[in-house]
Amino acid sequence: MACLSLYLTSVSRLRGEGVCPSAKTTFRALLTPRRFDVFKALHSPSPLACLGLVGLLLTFAFEDRARAQQGSGLTPPQLKTFVEATYPEAARAERLAAQVELELVVGEDGKVREAKVLSASDPRFAEPAREAALRFEFEPARKEGKAIPAAIRYRYVFAPPPEPVVEAPPAPAKGALEARLKDPKGRPLAGAEVILIAPDQSTQRKISDGQGRVVFSPLPAGRYRLRIIAANLQELDAQEEVRPGESTEVVYRLRQGEDREAFGATAVVEPPPREVTRRSIGKEELVRIPGTRGDALRAVELLPGVARPPFGTGLLIVRGSAPGDSEYFVEGSSIPLVYHFGGLTSVINSRLLERIDFYPGNFSARYGRRTGGILDIGIRDPAQDRFHGVVDLNVIDSSILVETPIGKKGGIALAARRSYIDLFFDKVVPDDAFSVLAAPVYWDYQLIGTYRPTSRDRLKVITYGSGDRLRLLLSDAADSDPNIRGGLGLETTFHRVDTSWRRQINENVDQDLSFSIGPTRLGFNAGPDLRLDLDFLQIYGRGEWRARLSRRVRIIGGFDIFNAPFRVTFRGPAGQQQEGAGVPEQLSSQEVREDRNVGISYRPGAYVESDVLLTQKLRALIGTRFDWFSEIDRGVVDPRLTLIYSLTDKTRLKSGVGSYSQPPEFQESGDDSSGNPNLRPIRSLHTSLGFDHTLREGMTVGVDGFYKHLFDRVVSTPNGERPTFINNGVGRIYGLELSGRVQPIRRRFFGFLSYTLMRSERRDRDDPWRLFDFDQTHIFTLSGVYRLGRGWEIGGTFRLVSGNPYTPVVGSVYDANSDIYIPISGAINSLRNPPFHRLDLRVEKQWRFPTWMLALYLDVQNVYNRRNREATSYSYDYTRSMAVPGLPIIPSLGLRGEI
Amino acid sequence: MRALRVRATHLVLFCTTFHLLGCGDEFTPASFIDRPRLLALRVEAQEEPSRAWPRPGEAATLRLHLGFPTDEEALSWALLACIDRGDPRGIGGCAGAPLALASESQPTLSAPRLDFLVPEASALGAGKSLLFLGILCPGAALTLESLDPALLQSGNFASLCPNPSATSTVFTYSSSIAVDAMSNQHPHFDAANISLRADLWPEEPPGLGESCDGSEGLPLISAASGSQRIGLSVSADSREVYRALRGAPPKEEDVLERLQFSAFTRFGKLDRQFAFLEENEPGESVEYEWKLSKDTTVSENRIVRFDFVVRDPRGGVDWIRRAFCLTP
């Protein structure tokens, strides 16, 4: 499939000097022929009368072979006559900036036949922009030389009117500034907009000529700021000194920049420079990856560095770290639960996700209290154009999502889901297994509201919650553990209200304030001697300020506070380390205790990070984070450093080193009777080195090597003797990740390939080194989705992963007190299951109607029903064993309707 | 907190799925005796065999209850008693040297037993429990001459009983010492209330083999008569009320003893191994069901034997044996 990019520049200028007319506007127009891409543009307010009509940079990318443009002679419309719009008087006093998005139909004669307002940041600007656009004249679009009509998009940007001119003193001797612009390949860059901001904040705008040249003359002496904007290239910000009587000549070379999908999702072409490694999955990909049943969070399991969780559970195992060492965030706020029933489906409707940012290591100082990885889920804003709705029905649950704009500045979205396994669960359960007291059921909801009172502010409120419930009555006690009998239950619920306020304070400073609060309840029981009831109220606040101090230096500072009053009642065996415990002992063979604890977990944190452009190619991010853990009365300081070197505009080298800490689990640092309140924080040192390269637009490859060392891991004392837990564990993790990705930017195909080679080991106390519970030496994933056309789409995901280690049972001891056999573990994790492999396929057919869409999909996990060994089950005396296979073939049929 | 939530969720789901899928059904159930098995241990104060907790300075005996598929088999064995170190989990450990050792290094039909003397209170130190460790080797000689507690606790005992055709059994058992006027009595099966098909089920006469003709005084059960209901009862005084710490924060309260029943057979199958009289719930009886497996045919009379064991959570134990004559 061939893609062709066509760059078109048209320049139009309106310039005024001296006393300006009362209405001054700056326009930036974006031509958007149907299915061609657009680029963004910025403006700045101009207090002076000199405004230029901005040149246009158009970027077109063609999709599929039918539209291949090599030699086809297809040219989009080109603006010939630009008409300035009237700044609405009603907004003049407010000196507002505004944007109006228009759809224009340009006829064969180059005249605008229709102009339709798609959106406007302020409704008062919509009609003036539309009226002016109707009077534009274009060179019409042509195909093989013949003029054809075309539909395109325009974005008008209104700058605030200038303040009244004050008589200036006689101007001093003047100078000039000449800029020569080059593209990433070093060629002259024509058609780029250059905005010159004088010391008094007045602006001039010019378009670079065919030689990439822009001249501002005459200019009073002083320090000027330049902003250079060009399609598909990174905006450049620079400061230059103009001296009287001199012409300052500078050369700027722009770098490859972001791209923006026509429908609003952002596909990250290259990670932002704050992280050594950040992997993002965009909106368009999130719900289409085969094997995930449309569950966006499942897609993370397919990324490099992420181990496969056993039995399809939702454990997040990142670069050889335990699941409890990584954290999920929603809009920067920690979330207590991510999946229903530990992995069935995620608690947030995938269609509300804007993106998932995954940081496998060396993450920014804005995240703390974890030594593994970070997953930050971004919730998108509700639709701003019109009402939308989605109903999804499948064999397990149903969900609904509705969203609508509210006025011109806000929007609201509501989603809800409920399972219906409970409707038929008791009919499929064998009578002799257990009685169903409460069949498994789960539900979740999300309510999102956004409001933009001004162009600089955005308020967002997200209310969400989730619940799982299951209660069974076992018919008989388990042969291997008579304490597993009677009631078996699980109930979890949580609710959250997250509010955030993002404000652009000025051109150089912005802030984010957020606050989250909500209760969480967890209750579970398994028999008479194992019960947990946990209630806590999570209160979380974050404040962050970002400032650009100069062209080369940005600084970010912030704080976040996690506060959770809790109440916990526990009956069960004394705590022990979870990871590396070997073959688990039965409840019957362990001493039962009861604990009740009421307290507050208080964990404030603060961070600062500077982003310094050391040279044109070398960027350094230097950060420090401080955390306090009230449960152990200790604080930590974690310095972090990231270096990013842009070898070329398409290739980055990156490296990072940093310290990361997390507190012990609350049951480990409990009071003297059950835990050890004198534990220290768990520490980790992350180092990484890698590169990523953009082959072409939306196609990237990367290699990342990493090494992590874990200190002060919490491990059990031998046989659980006091103080029960100690910081005598260490770990080492090292590996290599290869990744390749094709993003769905105007393509029929998207997909990715990832391979991880890794080793994760632990040492407990003075024991020899052993494998980590989820060490997977090789993790290979290949996934792709192809849009066939006529509404058909197919996709597949193949995984080949090393089997998980396990601990052999070398014998057993008969416990005459309980009439059970206690397994004797061999060397911990000394054996390994056979390799795991699985193929998932997905096929979807869409029917599009004028105002709605219907989709039927089939998602089949484990297409060839591979019986991957996941665990081992034993006879009552551990003399015989058999393999326990993982999930069999699971087809999931669903129907989805969207408005 | 999140790690605990995740582990709790997975534990409940695993148990549910395990039961739902019938995982483990392919293995011989624990209630089926297909090899020499140690079914229970019992500590008796020699002066008062019905008391489970010996007093300091008192002589006591450890007795073993064994079950064999058919006739009794010779086995070698070794037993030791020591003061329990009090490990909250695992197979336990000795606080100090063993109090007593006994062994038969060559296979023998004599029942294993260990006589020992509980130290005086002044010598007990902080220990309030006894720990018993031992090993049984069917049809083979033990290789060790002296019993090393550390060796048994290490789990490295595969070489101690080198009979590739038999399965050795290493066991651990803990029992309290009666101090501070606290004590515990063994529960006791009520022989008058052991029933089969609601009829009194008498004890098996001694000296019977594997076959029967209906004259042995055993109940007669036809193989075609389907499942059989077995009723077990304990004496009215078997369930003691004792003071124990309960709740959080823990406080002392009166608790009616919980009893755990185990049932075993050598032919056919029982519906379960364990049955319970739960703590603080009144009652003295439990029921089991026995039936033939679907693919089992009975072509001639045979005696079907059962062992039943009852335990309280503080080391008290009792056992009985019953049998019936199964006809085609």
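The values are calculated or read from the model by the stated rules, or taken from the named source; none is laboratory data. Since we're looking at a predicted model, the values are computed, not measured. So basically every Cβ, Gly included, is an ideal-geometry build from the backbone, and we count neighbours across all protein chains shown. Keep in mind that these areas ignore ligands, DNA and RNA; they rest on the heavy atoms of the full protein, side chains included. Shrake-Rupley method; radii C 1.70, N 1.55, O 1.52, S 1.80 Å.
Of note:
So that you can scan it fast, the table gives a plain yes or no per residue for (1) in contact with a Phe, Trp or Tyr (Cβ under 8 Å, 6 or more places away or on another chain); (2) within 14 Å of chain B (Cβ to nearest Cβ); (3) modelled with pLDDT under 80:
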{"position": "A:281", "(1), (2), (3)": "yes, no, yes"}
{"position": "A:299", "(1), (2), (3)": "no, no, no"}
{"position": "A:341", "(1), (2), (3)": "yes, yes, no"}
{"position": "A:350", "(1), (2), (3)": "no, no, no"}
{"position": "A:356", "(1), (2), (3)": "no, no, no"}
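- Scope segment B:249-289; condition within 14 Å of chain A (Cβ to nearest Cβ), in contact with a Gly (Cβ under 7 Å, 6 or more places away or on another chain) and in contact (Cβ under 8 Å) with a residue 60 or more places away in the chain; matching residues: B:264
- Strands (runs of 3 or more DSSP E) completely within segment B:51-137 that count 1 or more residues being within 30 Å of residue B:239 (Cα to Cα): B:59-67, B:75-83, B:113-117
- Scope segment A:317-328; condition of a type outside the set (Ser, Thr, Tyr) and open to solvent by less than 10 Å² (accessible area, probe 1.4 Å); matching residues: A:317, A:318, A:319, A:320
- The sole residue among A:314, A:361 that is within 14 Å of chain B (Cβ to nearest Cβ) and buried (at least 24 other Cβ atoms within 10 Å of the Cβ) is A:314.
- Residues (open to solvent by 50 Å² or more (accessible area, probe 1.4 Å) and at pLDDT below 55) located in segment A:218-272: A:258, A:260, A:262, A:263
- Some residue of segment A:496-511 being buried (at least 16 other Cβ atoms within 10 Å of the Cβ) and under 30 Å from residue B:262 (Cβ atoms): no
- All positions within segment B:15-51 that are surrounded by 17 or more Cβ atoms within 10 Å (Cβ to Cβ) and at pLDDT below 60: B:15, B:16, B:18, B:19, B:24
- Number of the condition not met by residue A:548 [criteria: (1) in contact with an Asp or Glu (Cβ under 9 Å, 6 or more places away or on another chain); (2) open to solvent by less than 60 Å² (accessible area, probe 1.4 Å); (3) not hydroxyl-bearing (Ser, Thr, Tyr)]: (2)
- Comparison of A:876, A:821, A:786, A:857 shows that the only residue that is touching a residue at least 24 places away in the same chain (Cβ under 8 Å), within 14 Å of chain B (Cβ to nearest Cβ), among the aromatic types (Phe, Trp, Tyr) and part of a strand (DSSP E or B) is A:821.
- Residue check for residue A:803: more than 14 Å from chain B (Cβ to nearest Cβ) and part of a strand (DSSP E or B): no
- Options B:252, B:287; residue that is part of a strand (DSSP E or B) and over 21 Å from the mean Cα position of the chain (by Cα): B:252
- Checking segment A:580-589 against the condition returns a match, with at least one residue being surrounded by fewer than 19 Cβ atoms within 10 Å (Cβ to Cβ), within 14 Å of another protein chain (Cβ to nearest Cβ) and on the phi < 0 side of the Ramachandran plot.
- Residue among A:324, A:320, A:368, A:372 that is assigned to a helix (DSSP H, G or I) and more than 30 Å from residue A:423 (Cβ to Cβ): A:324
- Residues being within 24 Å of residue B:67 (Cβ to Cβ) and within 12 Å of chain A (Cβ to nearest Cβ) - total across segment B:86-117: 2
- Test: residue in segment A:885-893 that is in contact with a Lys or Arg (Cβ under 6 Å, 6 or more places away or on another chain), open to solvent by less than 70 Å² (accessible area, probe 1.4 Å), closer than 30 Å to residue B:32 by Cα and not hydrophobic (A, V, I, L, M, F, W, C): yes
- Cβ-Cβ contacts under 6 Å between residues 6 or more apart (or on different chains), taken from a first residue in segment A:555-577 that is part of a strand (DSSP E or B) to a second residue that is of a type in the set (Lys, Arg), are listed as A:556/A:546; A:560/A:542; A:562/A:603; A:569/A:596; A:571/A:531.
- The requirement of being in contact (Cβ under 8 Å) with a residue 12 or more places away in the chain and under 30 Å from residue B:309 (Cα atoms) is fulfilled somewhere in segment A:824-840, by at least one residue.
- Cβ separations smaller than 6 Å between residues 6+ apart or across chains give the following pairs from segment B:196-215 residues that are under 16 Å from residue B:308 (Cα atoms) and assigned to a loop (DSSP other than H, G, I, E, B) to residues that are among the polar types (S, T, N, Q) and open to solvent by less than 80 Å² (accessible area, probe 1.4 Å): B:201/B:195.
- Among the residues making up segment B:81-111, a single one is in contact (Cβ under 8 Å) with a residue 60 or more places away in the chain and acidic (Asp, Glu): B:84.
- Segment A:373-390, residues that are touching a Lys or Arg at 6+ places or on another chain (Cβ under 7 Å) and either hydroxyl-bearing (Ser, Thr, Tyr) or open to solvent by less than 10 Å² (accessible area, probe 1.4 Å) (or both): A:373, A:378
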